[in-house]
Every structure is written in structure tokens, then in C-alpha cells.
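The values are calculated or read from the model by the stated rules, or taken from the named source; none is laboratory data. Since this is a predicted model, take the numbers as computed values, not measurements. Ideal geometry is used to build each Cβ from the backbone, glycine not excepted, and the neighbour counts take in all protein chains shown. Just so you know, the surface numbers come from the protein's heavy atoms only, side chains and all, with ligands and any DNA or RNA stripped out. Shrake-Rupley method; radii C 1.70, N 1.55, O 1.52, S 1.80 Å.
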2 protein chains.
Amino acid sequence: MIELIVTLDRADPEPLHRQLERALRDAVRGGRLTAGSLLPSTRALAGQAGVSRGIVVEAYEQLAAEGYLVARPGGATRVATAAHPAAARRSAIAPASVDFDFRPGRPDLGLFPREAWLRSVRRALGEAPSERLGYLDGRGVPELRMALADYLDRARGTAADPGDIVICSGFSQGLKLVGQVLHESGARRVAVEDPTQPETGDDLRAIGLEVVPIAVDESGMQVGDLDAADVDAVVVTAAHQYPTGGVLPPERRVALLAWAERSGGLIVEDDYDAEFRYDREPIGALQGLRPGRVVYAGSASKILAPGLRLGWFVVPTALSDRVARAKLVADLGSPAIDQLAFADFLAHGELDRHLRRMRAIYRARRDALLVALARHLPELRPVGASAGLHVLAWLPPDVDEAAVIAAAARAGIRLQGVGPMSGDLGRRVPATGPMRRGGLAFGYGLIHEGAIDAAVERLASVLADIRRVAAEVG
Amino acid sequence: MIELIVTLDRADPEPLHRQLERALRDAVRGGRLTAGSLLPSTRALAGQAGVSRGIVVEAYEQLAAEGYLVARPGGATRVATAAHPAAARRSAIAPASVDFDFRPGRPDLGLFPREAWLRSVRRALGEAPSERLGYLDGRGVPELRMALADYLDRARGTAADPGDIVICSGFSQGLKLVGQVLHESGARRVAVEDPTQPETGDDLRAIGLEVVPIAVDESGMQVGDLDAADVDAVVVTAAHQYPTGGVLPPERRVALLAWAERSGGLIVEDDYDAEFRYDREPIGALQGLRPGRVVYAGSASKILAPGLRLGWFVVPTALSDRVARAKLVADLGSPAIDQLAFADFLAHGELDRHLRRMRAIYRARRDALLVALARHLPELRPVGASAGLHVLAWLPPDVDEAAVIAAAARAGIRLQGVGPMSGDLGRRVPATGPMRRGGLAFGYGLIHEGAIDAAVERLASVLADIRRVAAEVG
């Protein structure tokens, strides 16, 4: 017979029998009560703990029902052989610290409009009909689809039917949903820009599609190569090529739409950060020109915060039922309260207000970055429109990109190189042509304006070290 | 040359050139400006609209950059042939109206604790570090995983390591993530209860797993059949079988765990509504007995609202990295603000408070339903523990379930039958044994206590009609 030390607290609102159960369960889990060991009789334990026998009986019965204890006819109760101590809790791993974070494609989260968002949540919770909190439509809540159609038509030049908008959890999920629908319809090959963010190709390959890279020059994708590529669809960052920053010029836009008409192919327009244009207004979306051949894809990840996990795809009417169905199969729809809050946020002009504020801030950071690069690293060649959340700067041909990234990381500077975004994306080999040289993407979403000069100065000394070592070795 | 009627509003904060662009873009889209047609010169349009010529130039340039217009060298501007009128907006379809809604598995959304949830959102937005709004971990925010481990260990008897919890968007997504990981590890066959919710089998089949139904009796899954079924995993509603309402007794729990140990199989414990137990405290989770062999699956869909799209899977340590990775691939993680709000909601005891309130309400509805069934439909046989959000009642053997459901729908009563949840779930044929008869699942989440008697009385007259017609025909 084992000795049980059980402390019950009568002041605790938790009933005594539950306290007793918890103590016994923990003892089994913690290994203090081992499998097969005999428990005190209910009478003995009741006496010891100073409670009525009924409480002990209730606790034993509960734990027997749960499988921790086995009550034998005749009265003896033992710890079940099935019971088993839990693994110790694992501790969290602390992230590595960084002095200067230039990772691209990330907005300044410290400037997320928390107050305005909270006001929108309050209004949404105050006004939404109860059924919005129930099982959802694969397209998303109608309030948000209406508000987005208005916003996108006004700010992005789309021709968006709220009935053809599918709310998803960001570009990556939406692309996979569209890709699945295309794959089920017989599509096999999809063109992507080279370079571009590698996740785009990964997402497409994961659903069985073949990824065909199309080279990018300073004006974005070389759309003339599409015919020879023999693809069923193309993913394009027309308003602001990622990561080179080019803007697709009118003749290429026309040629791209003509390709889609001629081939029956689909254009997926990844409009990831077009709202951030600093020298003029952003180029309107391709989708507005050919809603039947273009999927417009936007998200909150750059303009608000990735943690919202909110994306919106405006899908050609012929496909929208199937994409909405795929969304339903994937996760039964995106959460309702954020959708309702974002609808309110749009309708109250809060997004416009936030974008106006952020444009001024990002533009100042961009300018500071370009000044610092010109001062400390004149051998780098920054390219791209005055737009977005990063600047791509090409390295001199004799400097190895990966070596710079690694040395910068050791010096407390986090950067992303263009190499992993380049070439045959499956094999990650460098492309030919102007992209053969390395390049650094300097994001300015996470770094304050005042820190940029010091960061670039430190990077310049990292580069100088690399060249000195290379010269000594060579 | 076409006539353009453009009205610009100087009081509008939108700049005049943007107003003009929008007007022109809409005219192209709406088909008023057809492809190829010649636009007025910038001078003529400026005069007509009463604005400076620069504004018209700016608007034409923007629309040319977007591809709506084509500016020819020499000055004439035409509507591009690529431009194309948008499809008319489609109107929403109104849902059919229902007098009495007995659909099972749905909570009362009118009683969602909006005020308390808003307080939690406010605290979460006030306290969360900025990085929580960034790109997310596949497991979910640590605050929620800690709060859930505490809650689940206390209320559901789990042994949950916060490091092994994966936040997902509900049971369906989580099951698919676990299923994918199992499939990649070579699993091919998964047992499910028969009857059960058909989506479980659908989700498993969608990822290439073979679904093996195991018959259920009044005590839940007949786990003795698992050895012969030769499966790699089993999905079980141990605390409250769906839809029959049985509770897996201790000896079956032990046998189920023994099967898992012996075969190396995995148990997925779908703990969908165990918090709603009315006659005693809920049976603790199987997971607490064998954390290494059981995936515990819970969600907010029954205890709060499906629209939150929040689920939590406590996964064996050996699998949790891969499940978290699968979540990241699926959608880059569930949204952050709801996760943070729910963590706060749990930590402030709001879920306990809500559950106490809802238990009293659902229990009263359940009692009213049983009284009404006994009074108006004594030939039905209600079964299952005093728990959950529905009662299953078996029909007499001579009554066709589908006919009752259809006739009830015509009479304004929405019900779900056990037939579509039964048998070989791929083929949807009725099982053998006691499940051969039809059954009706009466959910009471959506119907108020005061309406239950009238609803059951009306259903009784529907049944009487069916039997009278059957007797006349027979």
C-alpha cells in the first residue's frame, strides 16, 4: 500500500473531488504512483484527507472511467497499467539576436494601427449578425467582399465582382487553391518570374505543377518568352517585380494579356505591395483589363501585418465556385471576426489613412537607404522603381553573394540575397544574363530610418573584409 | 471622336486626375468607350471638364500605363483593344427559411460572449509584442499554447506540452495535417467510427488514405475490431460518440490504448464537445494516459463559435515538428490576433464562465427535447449520455429516415439523419446491426427551449402523415 499525500484546499472554488482527482492524476502522470500500485481504500483516504468518503469514491470512479485507475470487484483500486508518466515539458528556444534587420517583404509591425483595428473589431462585434459566427462560406463574409471590391476598384483599378472574391489566408494559400483548381482542369505547367520569391515555385510544385522560370529584366518579366514556354498559367508581379523592382511597361502588359487570350492561359497577378509607390500613383491592376483571364491576388501581409493571415483573390467567374470550394475543403473558410473587422477598417477609410502614413515613412527610409548605399557602397547598383518595402542592389561581379550574406549575419546584419530566388527554381542555380551577378535585397520595413546609415556603413566594412581576404588568397 | 461626359467634384478629397482616371476607366469597363475608339485631345477634354491640361495628361498617362488606353506618337489617344467590359456583378442568393432548426453540432451563436471576447481582443492588442503580428510559427502563438495546455490539463485531463500543440483552423484542417504526416510516413488505412460525421472520412480519403469503418454500439466504437481492421490509425470520439452519444467505457479505453501500443498505431481523439456534460463531469481525455500514442483534437467550433476557425491539436512529440511544418505549408499559420485573444480569454477564466452558462442552457433544452419526444413521439428511441449539443433518436424500423427528413424539411423543420453518417462511408450504405434503422439527430444549439415542444409536435404530425400514406399504399 502506498502513502498518498494529498492537500485539498476548501477555499478553492474547485470542488474537493476535482482537486482530489487532479492530485491523483498528477501523481500517476508524474510517476509517483506507478502502474499496478494499490491505492488506499476510499475509507482510509477519506480519513487521511479529512473529507467524506463519497468524495473519494467519486474521484476514484472518475479516474477509473478515464483509465488511470482500475477498480477490482471486491474493492481494491490499483493504478492502471495503461497509465504512463508524461514527458517533461520542453523549453522554448530563444531566437538569435540581430542588430540590423534588412529582411525584405516585411512591414513595420511596430506601426500596426492597433487602436484603429480595435475600433473596427468593436464595431464588427457590435453589428455583425449571429450567423456570421457560424460555419462559413468558402468565399468569405459578404461584408468584406463588398468592401474589398470597392477598395480594389478604386485603389487598384480592378474590376472586382464581390461574388468572385475568395478570402484566404494570404497569397501562398490562395495560390495553392487556384493551382489545385487549374491542376484538376488539366493544367500542368506554370510560368514564374526568374528571379522571384522561391515560395511561389515551391507552392506550385507541391500540388504537382511543373514550374517554368521566365527571365526578368529591368522592366519585369520578359513576356515574349511565354509562347515558347508552353504554359497553362503565369504568376506575375506586374506592378512591382519581386525582387528586382521593375514595373511591367504598357506594351508588355498588352502582350501578356494577348498571350492569355491567344493561349487560353491564366494570369495570376501577385499584387503584393503595389500600394507602396512613392514617386507617382501605382499602376492599376491587369485584372481590370481582363477579369476573365486574370486572377488578382492581394493580401494584408505587406500593407498591414502578415499575422492577420488575410488574403483576397479576385477570380474569373468561371473559376470562382471551384476556388471557393477548394478553400472550404482546405480549412472551412478564414476566420470571421478578422474578416468583419477588416471590412469595417476598409469602409471607414482606415486603410487609406494607414497607407498614407506608411508611405511617408517607407519613402523616407528608402531615400535614407539609397543615400547610405551611395555613400558607403557606391560599387553596389540599386535598381527598381521608387516603391515597395525593399531595394535590390546588384553586387559587383567579383563578389560572392552567399559569402556577403554569411559575413553580414556574423556582423549582426540580416539580409536576403537574390541567389535563392533565381534560376531554375527547382535546382536553385543562378540564371544567365544580367542576373548572373549576386544581389542583396535591402528591406526597410523592420529597420528605423535613423539606423540605416550605420547599418550600411557596417556592411561596407564587411564587404571590404571579404575583398581583402579574397585579394590575399587570390 | 466620341463625346465624353465626365463630372469632377472639387470638394472630393480625391485628386481631380484620379477622379478623371476613374471616370475613364469605368467608361471603358462599362463598355461606353469601346475598344479602338478615339479619345478627345487632352486640350479638348481639359476645356470640357474645366481642369488644367496637365490633369488630363496625367490621367491619360496613367491609363496608358495600365493598358486601358494607347497613346500614339503624334498625340491621338485610343481605347486599347485589350480593354474589355467587366461582367455584371452577380447578386447574392438568399438562403431558404426554416421554422425549426435542429441541425446538430452547432452552438447557439446568439449567445457568443461578444463583450468578453472584445475585452480579450483589447487586452491582446494592448499587450502583444509587435513580432506576434509578423510571419508566424506553424505551431501557433506561444501565449495560446501555454494557456491551452493549462486549460486542457485542468479541464480535459490531457498531458499537454505547449511545445507539442499545433493551432489550426479547426478539426477538419488539423485532421488533414496529421493525416498527411501519417501518409508520408507510410500509413495507408485509418479506422473511423460507423456512424460518424461523414467529413472525417472525406478528409482522410482526400489525402489518399483508405477509410475503414468500425461499428459503434451504445458504448461507442467496438475497439475489439481494430486488430482485424489492420489500420495505422483510428479516429475516435471517445468522450461522446458522434452522433450516437455513447461514452467509451474504461475497459474499451484500456483496450484501445493497448491496441495502439501493440500495433504502433496512432489514436486521434476528436474531443469535439466533451465540455458539455450535464449529469457528471466529462470523462478525461485518452491523451492524458498515453501522450505518445494519442493526438488530442479540440476546437472552438462547439464551445464558442465555428466562425472563429480555431482548433488545437496536442500531437505526440515525435510527430509535432512535422505537423507544425504541414500547417506552415498549408497556410503559414492561423491568424495571430484571434489566437492572442483566445489565450487571454482562457487565462481570464472567460471560457469557464461561458461554459458554465451554456451548460445550464443546453441542459434545459436537452431536457425539454426529451420531454417533448416522450410526449409527442414515444415511438422514437433517444440514446446517448446527457451531454453535447444533440440527441440521437432511433426511428422505428418501418420508418424511412430519408422520407422523414424530406417531409420535415417541407414542414419547415431542419433535421439531420444518421444514414449519411453510416456504413461504408465511401459508399454511404447503412451498417448492419442496431444501426440498420434510421435515426434523427436533434441538435439544440440553434433552437430555443420554448420552441422545442412545438417543433417536436409538428414533427410528430409529419411522421403520422408518412405512416398513414405508407399504410394506404401498403
Only one of these conditions is not met by A:Leu248: (1) free of Cβ contacts under 8 Å to residues at least 60 places away in the same chain; (2) outside any loop (DSSP other than H, G, I, E, B); (3) buried (at least 24 other Cβ atoms within 10 Å of the Cβ). Which number is it?
-> (2)
If you check B:Val211 against the conditions, is it within 20 Å of B:Gly439 (Cβ to Cβ), assigned to a strand (DSSP E or B) and touching a residue at least 24 places away in the same chain (Cβ under 8 Å)?
-> no
What are the residues in segment A:116-160 that are acidic (Asp, Glu) and more than 7 Å from chain B (Cβ to nearest Cβ), if any?
-> A:Glu127, A:Asp137, A:Glu143, A:Asp150, A:Asp153
Total residues in segment B:255-310, condition of a type outside the set (Val, Ile, Thr) and in a strand (DSSP E or B) | 8
From B:Val223, B:Val212, which residue is open to solvent by less than 30 Å² (accessible area, probe 1.4 Å), within 23 Å of B:Pro420 (Cβ to Cβ) and not small (Gly, Ala, Ser)?
-> B:Val212
Selection within segment A:155-181 - within 26 Å of B:Gly67 (Cα to Cα) and of a type outside the set (Gly, Ala, Ser) | A:Arg156, A:Thr158, A:Asp161, A:Pro162, A:Asp164, A:Ile165, A:Val166, A:Phe171, A:Leu175, A:Val178
Go through segment A:161-183 and give me each residue that's within 19 Å of A:Lys302 (Cα to Cα), of a type in the set (S, T, N, Q) and more than 7 Å from every other protein chain (Cβ to nearest Cβ).
-> none
Given (1) open to solvent by 10 Å² or more (accessible area, probe 1.4 Å); (2) more than 10 Å from chain A (Cβ to nearest Cβ); (3) under 30 Å from B:Arg437 (Cβ atoms), number of the condition B:Gly186 does not satisfy | (3)
Restricting attention to segment B:356-365, which residues are open to solvent by 20 Å² or more (accessible area, probe 1.4 Å), in contact (Cβ under 8 Å) with a residue 60 or more places away in the chain and among the aliphatic types (A, V, I, L, M)?
-> B:Ile361, B:Ala364
Quick one: is A:Ile337 touching a residue at least 24 places away in the same chain (Cβ under 8 Å), in contact with an Asp or Glu (Cβ under 8 Å, 6 or more places away or on another chain) and surrounded by fewer than 21 Cβ atoms within 10 Å (Cβ to Cβ)?
-> no
Is one or more of the residues making up segment A:81-91 more than 9 Å from chain B (Cβ to nearest Cβ) and either at pLDDT 85 or above or open to solvent by less than 30 Å² (accessible area, probe 1.4 Å) (or both)?
-> no
Output the residue which, of all residues in segment B:106-141 that are touching a Pro at 6+ places or on another chain (Cβ under 8 Å) and open to solvent by 10 Å² or more (accessible area, probe 1.4 Å), is nearest to A:Pro129 (Cα to Cα).
-> B:Arg106
Filter segment B:322-334 for residues that are outside any helix (DSSP H, G or I) and touching a strand residue (DSSP E or B) at 6+ places or on another chain (Cβ under 9 Å); which is surrounded by the most Cβ atoms within 10 Å (Cβ to Cβ)?
-> B:Ser334
Considering only segment B:155-169, how many residues are under 20 Å from the mean Cα position of the chain (by Cα) and either surrounded by fewer than 24 Cβ atoms within 10 Å (Cβ to Cβ) or farther than 23 Å from B:Pro282 by Cβ (or both)?
-> 1
Filter segment B:273-305 for residues that are open to solvent by 10 Å² or more (accessible area, probe 1.4 Å) and over 24 Å from B:Arg353 (Cβ atoms); the one that is farthest from the other protein chains (Cβ to nearest Cβ) is B:Arg293
Do the conditions hold for B:Leu319, that is, is it within 8 Å of chain A (Cβ to nearest Cβ), open to solvent by less than 30 Å² (accessible area, probe 1.4 Å) and more than 22 Å from the chain's Cα centre (by Cα)?
-> no
Could you tell me which numbered condition A:Arg353 fails, if it satisfies all but one of (1) open to solvent by 10 Å² or more (accessible area, probe 1.4 Å); (2) facing chain B (nearest Cβ under 10 Å); (3) out of contact with any strand residue (DSSP E or B) (no Cβ under 8 Å at 6 or more places or on another chain)?
-> (2)
If we keep just the residues of segment B:406-419 that are part of a strand (DSSP E or B) and open to solvent by less than 30 Å² (accessible area, probe 1.4 Å), which is nearest to B:Gly438 (Cα to Cα)?
-> B:Gly417
Residue set B:Ala403, B:Ala372; condition in contact (Cβ under 8 Å) with a residue 60 or more places away in the chain and open to solvent by less than 10 Å² (accessible area, probe 1.4 Å); output residue B:Ala372
Quick one: count up the residues across segment A:174-183 that are in contact with a strand residue (DSSP E or B) (Cβ under 8 Å, 6 or more places away or on another chain) and open to solvent by less than 10 Å² (accessible area, probe 1.4 Å).
-> 5
Which of (1) of a type in the set (A, V, I, L, M, F, W, C); (2) surrounded by 23 or more Cβ atoms within 10 Å (Cβ to Cβ); (3) farther than 24 Å from A:Ser263 by Cβ does A:Ala206 not meet, given it meets every other one?
-> (2)
When you go through (1) under 22 Å from A:Ser219 (Cβ atoms); (2) within 31 Å of the chain's Cα centre (by Cα); (3) modelled with pLDDT under 95 one by one for A:His390, which number turns out not to apply?
-> (3)
State yes or no: is A:Gly388 in contact with a Gly (Cβ under 8 Å, 6 or more places away or on another chain) and free of Cβ contacts under 8 Å to residues at least 40 places away in the same chain?
-> no
Exactly one of B:Leu440, B:Leu370 is assigned to a strand (DSSP E or B) and either over 20 Å from B:Glu275 (Cα atoms) or at pLDDT below 95 (or both), and that one is B:Leu440
Of A:Glu210, A:Glu199, A:Glu193, A:Glu218, which residue is acidic (Asp, Glu) and closer than 30 Å to B:Ala341 by Cα?
-> A:Glu199
On the given criteria, is A:Gly423 at pLDDT 95 or above, part of a loop (DSSP other than H, G, I, E, B) and open to solvent by less than 50 Å² (accessible area, probe 1.4 Å)?
-> no
